1. Take the stretch B:367-414 and flag every residue that is touching a residue at least 12 places away in the same chain (Cβ under 8 Å), charged (D, E, K, R) and touching a strand residue (DSSP E or B) at 6+ places or on another chain (Cβ under 7 Å).
2. Pick out the one residue from B:A373, B:A334 that is among the aliphatic types (A, V, I, L, M) and more than 20 Å from B:P166 (Cβ to Cβ).
3. With respect to A:A175, is the statement that it is among the small types (G, A, S) and assigned by TED's automatic domain parsing to the domain that holds A:L110 true?
4. Considering each residue of the stretch B:86-136, count those that are touching a Pro at 6+ places or on another chain (Cβ under 6 Å), under 21 Å from B:T301 (Cβ atoms) and facing chain A (nearest Cβ under 7 Å), and give that number.
5. If I ask for residues that are of a type in the set (D, E, K, R), farther than 22 Å from B:M162 by Cβ and crowded, with 18+ Cβ neighbours inside 10 Å, which ones from the stretch B:376-411 would you list?
6. Suppose the filter is touching a residue at least 40 places away in the same chain (Cβ under 8 Å) and over 25 Å from A:S327 (Cα atoms); does A:S9 pass it?
7. Considering only the stretch A:141-148, I want to know if a residue exists there that is closer than 29 Å to B:R59 by Cα, within 14 Å of another protein chain (Cβ to nearest Cβ) and assigned to a helix (DSSP H, G or I).
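The values are calculated or read from the model by the stated rules, or taken from the named source; none is laboratory data. Values in this document were obtained by computation on a predicted structure and should not be read as measured data. For neighbour counting, all protein chains shown are included, and Cβ atoms are generated from backbone atoms with ideal geometry for every residue, glycine included.
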Amino acid sequence: MSGAKRRQSYDGVVACVPVTIPYRRYSINSAHWWIGRALRELVRQTGLRPTDLDGLSLSSFTVGPDTAIGITQHMGLSPRWLDHVPFGGASGVVALRRAARAVQAGDADLVACVAADTNHVDSFRRTLSTFSRFAQDAVYPYGSGGPNASFALITRHYMKRYGATREDFGKLCVAQRANARSFPHALMKSELTLDAYMAARPIADPIHLFDCVMPCAGAEAFLVCREDTARSLGVTGVRVLSTIERHNAYPEDAIQLRGGWAVDKHELWDMAGVGPDDINFVQTYDDYPVISMMQFEDLGFCGKGEAAEFVRAQSFTHDGSFPHNTSGGQLSGGQAGAAGGYLGLVEAIRQLTHSALGAQVPEAKIGLVSGFGMINYDRGLASGAAILAGPA
Amino acid sequence: MTEPLSRPRRKNPLKKTQAPLTPQGVRSRTAHGLTAAAAEGRFELQVCADCAAVIYPPRDACPACLSARLPFKAVDPNGELVAETTVRISTDPYFRERTPWRIGSVKLDCGPVLVAHLHGDTIEGGRVRLALQLDRSGAPVLIAMPARDVPNMAEDVQLREMTCDPKFRRVLITDGRTQVGQAMAKAFSAAGASIVFVGIADAWKPFPGDAALKAIERVEIVPLDITDTESVTELAEQNGGRIDIIVNTAEYTRPGGIVERRGLVVARQEMDVRYFGLMRLAQAFGPALRFRGADGVNSATAFVNLLSVHALMNWPAFGAHSATEAACLSASQAMRAELRPGGVKVVNLFFGPTETEWFQSVPPPKVTPAAIAKATIDALTRGLEDVFVGDVAEDVRERLAANPKALERELAGS
């Protein structure tokens with residue numbers, strides 16, 4: 001649109017204090033418990049009192065019947081800025097860009113961004129069957145393969161259209177497992193070979209076991225504040241060079257072949273003032289490897305339909321030519337509900353502040369984090385991305 | 001190619017009967033527009049009254065123009081199966097027992113993309129025809145069928161979960177003395193039912209059609225008087241565990257209104273045969289039907305009510321009869337709710353005056369017993385829930401939808 005106002009930078013704002021509460025396959029604790037652990041870790045690392053947090057952004061599928069407002073009383077917070085971001089895999093990027101603007105405008109000084117979900121025995125099935133009105137009316141009654149079946153259709157269509165193979169997806173999964181092996185909190189750390197990937201049992205053709213994330217309980221969090229506030233707290237933050245967000249892009253595509261990143265990628269790169277070659281690592285939302293490949297394409301690391309070629313040409317471990325999902329991603333780390341939408345962002349903050357819990361990407365200065373989420377009906381609706389830079 | 005169904009083996013009495021489970025049946029209020037269409041075998045989706053966009057999944061605002069005028073209308077069911085998958089691992093207990101289960105994305109020629117169950121004879125990239133069905137929970141679902149009919153089409157395992165196909169099933173026809181009962185026996189035998197139990201009260205009393213009825217293949221006469229609780233209970237105790245479909249053919253039709261008729265004797269008799277008879281059948285056979293809803297190829301599957309269309313609006317010339325039929329219709333709605341947990345359908349067939357002795361003085365059009373029997377088989381094979389048989393029934397249904405008050409006045413005058 002001509003005449004659109006040029007977007008303002010995020011100068012002076014940082015994301016800091018990356019927190020991960022170690023995941024568990026199943027938890028008897030509530031989402032509230034996991035939120036509480038994450039908040040406590042944020043204040044412990046900064047020496048703040050809980051009431052010093054004057055902003056809260058919450059993402060959780062399992063906190064019901066509460067929302068962010070109930071959590072303020074539950075946790076004894078009294079924020080002057082409050083947000084609830086129920087966007088699944090896009091939650092991290094969306095929470096970051098909203099909190100950054102709030103801090104920049106002075107509406108809040110210290111925004112705690114928290115994503116947490118519990119996973120009781122059988123809670124995953126319950127979440128799926130009531131995930132959305134369209135899911136209830138038009139997806140769950142069809143074989144109830146859940147997201148595996150939805151992504152099977154997307155993956156199959158993508159493979160047919162662009163010639164990607166299971167081996168291509170496998171290469172990403174195997175590299176992520178290698179990255180996970182040094183990450184202390186990853187749930188799956190046994191070695192994964194391409195042979196084992198190929199031989200895994202089918203779940204919903206062409207999706208096999210190692211294409212799927214494992215639902216689990218966990219929490220991720222970070223703090224958004226001004227650069228000088230971070231300095232006074234004695235913590236190092238990362239700068240936000242640019243962000244994008246888009247929902248329900250390309251409804252005309254019969255089956256999802258691309259995400260909203262493709263609409264906004266030029267803005268993302270222009271605003272950041274860097275190009276794909278300047279990026280030292282990429283954290284994609286990896287609920288299934290096909291989505292990581294779409295992100296490579298739609299964010300501009302390769303042309304549309306060329307991700308298979310790209311995957312064959314690159315290596316994806318922390319020391320590879322294209323370090324990707326350096327803590328193992330959700331595929332090896334586990335998918336802790338909405339925390340899955342924070343995992344890449346929290347890992348990016350660690351990599352850029354050279355405080356990785358596992359393998360450190362050498363010379364990590366600029367990183368890209370991408371989010372994707374909400375299979376409302378037949379496709380993921382939410383997409384977002386952020387380019388972050390280490391301390392100046 | 002769909003494999004023809006093979007005759008189920010005799011049941012091992014030591015094996016546990018598989019408990020019936022149902023798929024998730026909760027739908028939004030708007031999505032029940034699909035339920036209404038599926039119940040009568042129509043294929044309808046929302047069509048925007050303002051911009052003509054065809055819409056799916058069901059919505060409360062048009063995604064093209066935000067209109068709220070989104071009626072369900074018949075649309076072209078043809079399209080392409082763009083992508084398919086076979087679900088091998090399911091979180092849902094019903095589907096877990098039925099994997100592998102094929103689903104796919106169908107792009108309809110008229111616009112929307114729909115996730116649907118797949119008939120075994122559909123292929124990815126090929127043309128398909130979508131149909132709306134009621135699944136075992138009674139909720140509407142889409143299934144992609146082959147674009148053209150194929151051999152043994154009704155015998156597809158996924159489709160059969162949504163229908164009540166009589167093939168290899170055992171049916172009870174509750175009254176074989178009626179012409180409808182006899183036509184029904186013939187039709188079920190021809191449709192491949194493995195046993196056709198036909199109830200006869202006071203078997204020593206001869207009746208027209210007696211010999212022809214007994215000559216029908218796989219017909220087995222059983223003693224049944226549906227006005228006698230003991231008789232109904234006894235039959236249920238003996239055969240209830242191997243009856244998969246019940247068709248209640250007991251009838252009692254007498255002319256006369258409410259004011260004009262003297263005393264309650266006839267009305268009581270009507271209620272005893274029709275309403276209490278239905279209740280006796282429901283109480284004696286219902287629990288076994290519901291228990292056996294997932295009992296293999298010949299699982300319990302349907303209870304069929306034959307109802308006067310004047311159950312929906314009283315016809316004063318047969319005023320007391322209409323009232324009795326209305327009571328039976330109301331009972332059938334309760335039975336639907338009670339049998340649904342077993343995945344057992346309650347099918348209601350509505351029709352006008354039949355070509356039988358008690359409607360002798362009524363002018364045509366009238367419905368023949370054979371037409372009612374044919375419609376019953378068709379309804380079961382297609383998995384329908386409400387069926388209007390014949391011109392009078394169709395006419396009443398249309399007039400009722402257009403203006404119930406007008407219909408009330410019009411029926412009084414005819």
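1. B:E385, B:D386, B:R397
2. B:A334
3. no
4. Of the residues in the stretch B:86-136, 1 are touching a Pro at 6+ places or on another chain (Cβ under 6 Å), under 21 Å from B:T301 (Cβ atoms) and facing chain A (nearest Cβ under 7 Å).
5. Pass one, the stretch B:376-411, residues of a type in the set (D, E, K, R): B:378, B:382, B:385-386, B:391, B:394-395, B:397-399, B:405, B:408-410.
Restricting the remaining residues to those that are farther than 22 Å from B:M162 by Cβ gives B:391, B:394-395, B:397-399, B:405, B:408-410.
Listed by number, the list holds a single entry, B:R397.
6. Yes; evaluated as a whole, the condition is true for this residue.
7. Applying the first criterion (closer than 29 Å to B:R59 by Cα) to the stretch A:141-148 yields A:141-148.
Right, trim to within 14 Å of another protein chain (Cβ to nearest Cβ) and you get A:141-148.
Subsequent filtering for residues that are assigned to a helix (DSSP H, G or I) retains A:147-148.
Among the residues of the stretch A:141-148, at least one is closer than 29 Å to B:R59 by Cα, within 14 Å of another protein chain (Cβ to nearest Cβ) and assigned to a helix (DSSP H, G or I), which makes the answer yes.
Each row is one residue, and each column tells you yes or no for (1) more than 30 Å from A:A392 (Cβ to Cβ); (2) assigned to a strand (DSSP E or B).
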{"residue": "A:A4", "(1), (2)": "no, no"}
{"residue": "A:R7", "(1), (2)": "no, no"}
{"residue": "A:D11", "(1), (2)": "no, no"}
{"residue": "A:V17", "(1), (2)": "no, yes"}
{"residue": "A:I35", "(1), (2)": "yes, no"}
{"residue": "A:T51", "(1), (2)": "yes, no"}
{"residue": "A:G64", "(1), (2)": "yes, no"}
{"residue": "A:H74", "(1), (2)": "yes, no"}
{"residue": "A:P86", "(1), (2)": "yes, no"}
